[in-house]
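Asks: Take a look at this one; I'll ask things after.
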Amino acid sequence: MHSTSITARFCLVILLVLALLSLAGYFLLNNVYRLELRNQANTVADNVSSFGSWVARYGRVWVSDNSADSFLGSKEVVDLEHALEGFDNQKSVADSSYNFYSKNPALAQREFSEVVAASDSPAKFRLTSDNFMNPANQPDAFETEAINAIRQSGEGYYETFNTVAGEYRFARAVVHKASCIACHGDPSTAPRDVINRYGDQRGYGFSEGDLAGVISVTLPMVAFRSAVLPFIGIREVLLVIAAFLLAVGFLQFVVLAPLKRLTQDAEAASMGDTYDIDLGKVKQTTRNEIERLGLSIKRLNTSSKIAIDRMRENSR
């Protein structure tokens, strides 16, 4: 190693620096990628929470002619205008009636999650609890661990995330509001349609402010190398090569070439040859280390000549 040239050592150092910078960039971009996944998951959870709040504002939402789907209670409505027309056409009032079916916030959010799950959206979500009312909302292993972590933290607002089977999993705490307790409080006071549909064994006993469960978000997570490689093209590679060549060129022409000339002059002086370093344009106050070295060698050469001339005169 000590016998190699400065150029070779410099190239090795540059390559090591590039490798370390690439590694640092990899970790940095990986952190940015995961932060972006977390921001996306938070956005999905915000939208789900906002949708639930909108439904809770009205207690329930009602949809018409939706008997094929799940619902909580129904009401028959008669269109009086068409009913009166029906009397003229010998039609019964029943022909002018139709049903409305109610959805509470939890049911509306679950059906919303099913629509999203069947869509092309990469982000999926669900609401789940360890005290679930609907068996379809039973938590999986990640969600169970998240609920336990949230409960142990004792914080009202808490979120956790992890990578599971190549997917980014995110969970945020959901706290019961006053509007939730009508259905999830004491089962003896819960709406009859809720009891008829889900029974009175699970999903009850909550108070305002209790942990209801979590909003669970799942995002696809590609291999980070696959996510980064599309951003590395010929242009980027050429720029790195150009920077490497620029650094090597600077070393050769600004550092090594002047040092080589100074070395040759110093060797000539050591052999007793006379020489004159061309430093006429160099100021005595220069900050260039190589030029200062040249000035020092020139002064040393001058001092050596004076000493040798005096020795010769004394010997005569």
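Asks: Within the bounds of the stretch 264-273, is there any residue that is among the aliphatic types (A, V, I, L, M), surrounded by 15 or more Cβ atoms within 10 Å (Cβ to Cβ), farther than 30 Å from VAL48 by Cβ and at pLDDT below 85? Give the derivation first.
Replies: Filtering the stretch 264-273 for residues among the aliphatic types (A, V, I, L, M) gives 266, 268-269, 271.
Filter once more, keeping what is surrounded by 15 or more Cβ atoms within 10 Å (Cβ to Cβ): 266, 269.
Going one step further and asking which of them are farther than 30 Å from VAL48 by Cβ, we end up with 266, 269.
Subset that is at pLDDT below 85: 266, 269.
Scanning the stretch 264-273, I find at least one residue that is among the aliphatic types (A, V, I, L, M), surrounded by 15 or more Cβ atoms within 10 Å (Cβ to Cβ), farther than 30 Å from VAL48 by Cβ and at pLDDT below 85, so the answer is yes.
Asks: If we scan the stretch 147-155, do we find a residue that is in a loop (DSSP other than H, G, I, E, B), of a type in the set (A, V, I, L, M) and surrounded by fewer than 21 Cβ atoms within 10 Å (Cβ to Cβ)? I'd like the intermediate steps shown before the answer.
Replies: Taking the stretch 147-155 as the starting set, the residues that turn out to be in a loop (DSSP other than H, G, I, E, B) are 154-155.
Add one more test, that the residue is of a type in the set (A, V, I, L, M), and what stays is none.
Within the stretch 147-155, not a single residue is in a loop (DSSP other than H, G, I, E, B), of a type in the set (A, V, I, L, M) and surrounded by fewer than 21 Cβ atoms within 10 Å (Cβ to Cβ).
Asks: Please enumerate the residues belonging to the stretch 205-226 that are under 18 Å from PRO139 (Cβ atoms) and exposed (fewer than 12 other Cβ atoms within 10 Å of the Cβ).
Replies: GLY205
Asks: How about the stretch 6-36: which of its residues are within 18 Å of PRO230 (Cα to Cα) and open to solvent by less than 60 Å² (accessible area, probe 1.4 Å)?
Replies: Across the stretch 6-36, the qualifying residues are GLY25, ASN30, TYR33.
Asks: Okay, next question. Take the residues in the stretch 165-182 that are without any contact (Cβ under 8 Å) to a residue 40 or more places away in the chain and outside any helix (DSSP H, G or I); name whichever of them is farthest from GLY205 (Cα to Cα).
Replies: It comes out as ALA165.
Per-residue answers, yes or no, for (1) modelled with pLDDT of 50 or more; (2) of a type outside the set (Ser, Thr, Tyr); (3) surrounded by fewer than 17 Cβ atoms within 10 Å (Cβ to Cβ); (4) in contact with a Phe, Trp or Tyr (Cβ under 7 Å, 6 or more places away or on another chain):
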site	(1), (2), (3), (4)
GLU81	yes, yes, yes, no
LEU84	no, yes, yes, no
SER92	yes, no, yes, no
TYR98	yes, no, yes, no
ALA108	yes, yes, no, no
THR128	yes, no, no, no
ALA136	yes, yes, yes, no
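Asks: Among the residues of the stretch 186-196, are any touching a Leu at 6+ places or on another chain (Cβ under 9 Å), surrounded by fewer than 17 Cβ atoms within 10 Å (Cβ to Cβ) and assigned to a loop (DSSP other than H, G, I, E, B)?
Replies: yes
Asks: Here's a follow-up. With (1) within 20 Å of PHE51 (Cα to Cα); (2) open to solvent by less than 30 Å² (accessible area, probe 1.4 Å); (3) at pLDDT 90 or above as the list, and LYS124 as the residue in question, which single condition is left unmet?
Replies: With respect to (1) within 20 Å of PHE51 (Cα to Cα); (2) open to solvent by less than 30 Å² (accessible area, probe 1.4 Å); (3) at pLDDT 90 or above, LYS124 is out only on (2).
Asks: From the list SER22, SER50, which one is within 19 Å of ILE241 (Cβ to Cβ), within 28 Å of the chain's Cα centre (by Cα) and of a type in the set (S, T, N, Q)? I'd like the intermediate steps shown before the answer.
Replies: On the way: SER50 fails: within 19 Å of ILE241 (Cβ to Cβ).
So the residue among SER22, SER50 that is within 19 Å of ILE241 (Cβ to Cβ), within 28 Å of the chain's Cα centre (by Cα) and of a type in the set (S, T, N, Q) is SER22.
Asks: Another one. Can GLY205 be described as at pLDDT 85 or above, farther than 18 Å from ARG60 by Cβ and not in a strand (DSSP E or B)?
Replies: On the way: at pLDDT 85 or above: yes; farther than 18 Å from ARG60 by Cβ: yes; not in a strand (DSSP E or B): yes.
Yes: the conditions hold for GLY205.
Asks: If you don't mind, another one. Return the residues of the stretch 245-262 that are open to solvent by less than 70 Å² (accessible area, probe 1.4 Å) and closer than 12 Å to THR7 by Cα; say none if nothing qualifies.
Replies: Selection gives ALA247, VAL248, GLY249, LEU251, GLN252, VAL255, LEU256, ALA257.
Asks: Criterion first (open to solvent by less than 90 Å² (accessible area, probe 1.4 Å) and either modelled with pLDDT under 85 or on the phi < 0 side of the Ramachandran plot (or both)) does SER3 satisfy it?
Replies: Spelling it out, it is not the case that SER3 is open to solvent by less than 90 Å² (accessible area, probe 1.4 Å) and either modelled with pLDDT under 85 or on the phi < 0 side of the Ramachandran plot (or both).
The values are calculated or read from the model by the stated rules, or taken from the named source; none is laboratory data. What you see is a predicted model; the values in this text were computed from it and never measured. Please note: Cβ atoms are built from the backbone with ideal geometry, for glycine as well, and neighbour counts cover all protein chains shown. For the accessible areas, the whole protein counts, side chains as well, though only heavy atoms, and no ligand, DNA or RNA atoms are used. Shrake-Rupley method; radii C 1.70, N 1.55, O 1.52, S 1.80 Å.
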